[in-house]
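Values quoted throughout were computed directly from the atomic coordinates according to the rules given, and no laboratory measurement underlies them. Note that the structure is predicted; figures quoted are calculated from it, not measured. Glycine also receives a Cβ, built like all others from the backbone with ideal geometry; neighbour counts cover every protein chain displayed.
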Amino acid sequence: MTTDFTKILEAAPVVPLVKADDPTIAVKTSRALAAGGLTVVEVVFRTDRALECLKAVADEVPEMIAGAGTVLSTSQAEAAFDAGARFIVSPGLDDGVVAVAKQRGAPVYPGIVTPSELQHAYNLGLNVVKFFPATIAGGIPALKALSSVFRTMRFMPTGGVSADNLEDFLKLPAVLACGGSWLTPADAIASDNYDKITALAAEALKIAARARGNQ
Ligand code: 3PG
């Protein structure tokens with residue numbers, strides 16, 4: 001099945017990060033995000049059981065498109081796809097990881113900051129990249145400068161994005177979507193407050209609609 005990720009991200013331009021060490025929690029968190037209207041989730045490889053968490057979300061939350069985040073190596077990328085990942089996100093740009101995704105026919109969003117990294121991504125045939133860490137790496141002014149040169153490139157700013165600055169990022173035409181962990185706060189998960197996560201997801205979509213002039 002082919003999926004037009006650009007269209008999906010344009011419709012709900014927010015990619016929440018799920019960091020869990022327990023598949024049950026990853027599933028509950030992803031369901032809570034889906035209940036708030038989000039359609040894509042990035043399960044990050046930052047815990048010992050991240051792969052199991054990804055597999056559980058891919059298998060048990062069909063309403064969500066699950067991808068793997070913080071993918072650092074080709075072996076992690078292969079394992080992620082074998083576990084059901086539909087896309088890959090990396091903090092940096094690695095040719096091997098990009099090649100694995102291409103071989104699997106799946107999107108890959110590597111992190112870039114500099115014009116050289118972006119040019120490298122462009123020449124690998126990518127047209128969407130993560131911009132990470134977004135706020136530290138120059139935020140909106142940096143994105144404006146980069147997108148004026150790389151006119152066809154779309155960006156996924158992540159790192160320091162929150163409900164407070166989401167609208168400003170999404171107002172930039174070059175920004176396809178924003179990612180972040182603000183939608184899945186550790187304290188809400190620890191206190192079993194999944195309604196809070198659903199509310200944060202719904203709030204993010206409202207902000208996105210405003211930014212895109214749909215509301
Ligand atoms: C990432 O992996 O994309 C970042 O760690 C997310 O940054 P945030 O926690 O500031 O959203």
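Screening Thr29 against (1) closer than 27 Å to Ile112 by Cβ; (2) buried (at least 24 other Cβ atoms within 10 Å of the Cβ) leaves a single unmet condition, (1). The condition of being away from the ligand (no atom under 14 Å from the Cβ) and not aromatic (Phe, Trp, Tyr) holds for Ala142. Screening region 132-167 for residues that are of a type in the set (D, E, K, R) and over 14 Å from Gly180 (Cβ atoms) and picking the one that is nearest to the chain's Cα centre (by Cα) gives Arg154.
From the list Phe155, Phe169, the lone residue that is aromatic (Phe, Trp, Tyr), touching a Phe, Trp or Tyr at 6+ places or on another chain (Cβ under 8 Å) and within 15 Å of the ligand (Cβ to nearest atom) is Phe155. Just so you know, in region 101-133 the residues that are within 16 Å of the ligand (Cβ to nearest atom) and surrounded by fewer than 18 Cβ atoms within 10 Å (Cβ to Cβ) include one that is nearest to Leu146 (Cα to Cα), and it is Glu117.
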